[in-house]
Amino acid sequence: MTAPLISADRICVRFGGAEVLHDVSLAVRPAEIVTILGPNGSGKSTLIRALLGMVPLAHGAVARAPGLRLGYVPQKLAVDRTMPMTVRRFLSLPVRVSDAAAAEVLARVGVEGVANRQMAALSGGQFQRVLLARALLSSPQLLILDEPTQGLDQPGEAAFYQLIETVRQDTGAAVLMVSHDLHVVMAASDRVICLNGHVCCEGTPRVVSNAPEYRALFGLGTKGALALYQHDHDHDHHNGHDHDHGHDHAHFHPHRHEHTHAG
Ligand SMILES: Nc1ncnc2c1ncn2[C@@H]1O[C@H](COP(=O)(O)OP(=O)(O)O)[C@@H](O)[C@H]1O
Ligand SMILES: [Mg+2]
């Protein structure tokens, strides 16, 4: 298997007395699309920040490929969206880019022609694409996107994930994304990691959507998505190997009532 671009080995993160991440391991390899899925407060952003070296580890280690070029879009932008600033100017923060490079990257994410618009005048979908455009300017080998579709409606979300897939194809970049929404994300991912302070389950979208741990975390809200994958699943496998035998483990039951996946 190819060497990972980035990996975490049994990391723990504590804030004060609270252990927010416990024993989390993961690796992202070239050209993979990996999605971290989990309820609000499950430590997704903290995990991303730990991978980026922005929060101290209480235990474990993070490794990055030497010279790794990273593009990162945080969940909360340091720049106030309502501040007067053109798209063109935003793309040149903090590193100045040429008009040609700016135009090229905007076209690549499907918002050509917005360079002279105010950031505040963009629609939600355009705004998220401009964030992605800026992250692409460094020709990253790994894109890290923390809830890149927040505030978008479902068609907007689906279109955004399609764009991510195109970016991966065009640039060969790996993508590590965070989300708390389900079906579109799962369809767009090679691998899903279900997080709730620890890694509850992981695998292909199909395997994860059939895992009792996943169902315990996301409960009935996933009926539609499960049906989608179940259908596919019924046609592909007949050995009953990764079927859910209804053995929900007792220790997952406490999560059942949390059900906090905000939309
Ligand atoms: N810098 C911080 N200091 C103290 N607590 C934090 C900090 N960052 C996150 N937390 C806490 O860690 C938990 C996980 O937060 P976060 O990683 O943002 O979750 P998610 O992104 O999955 O919603 C939350 O309880 C949050 O309040
Ligand atoms: Mg978060």
Quiz item: If you plug each phi of the stretch 65-73 into the Karplus form 6.51 cos²θ - 1.76 cosθ + 1.60 with θ = phi - 60°, what whole-Hz ³J(HN,Hα) values come out, in order, with x for Gly and Pro?
Solution: 4, x, x, 4, 8, 10, x, 10, 10
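For the stretch 1-82, what does the relative contact order come out to in percent, with C-alpha contacts under 8 Å and a separation of six or more?
Dividing the mean separation by the residue count of the stretch 1-82 yields 36 percent.
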Quiz prompt | Residue (of Leu93, Val111, Tyr161) at the positive-pole extreme of the stretch 72-196, dipole from beta-carbon charges | solution = Leu93
Quiz item: If you place +1 on the Cβ of every Lys and Arg, -1 on the Cβ of every Asp and Glu, and leave all else neutral, what size is the dipole of the stretch 141-198 about its Cα centre, to the nearest 20 Debye?
Solution: 180
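Which of Ile36, Ile48 has the fewest other C-beta atoms within 10 Å, and how do the rest follow up to the most?
Listing Ile36, Ile48 from fewest to most nearby Cβ atoms yields Ile48, Ile36.
None of the figures in this text is laboratory data; all of them are computed from the coordinates on show. Quantities reported herein were computed from a predicted structural model and do not represent experimental measurements. Positions of Cβ are backbone-derived with ideal geometry, glycine not excepted, and every protein chain shown enters the neighbour counts.
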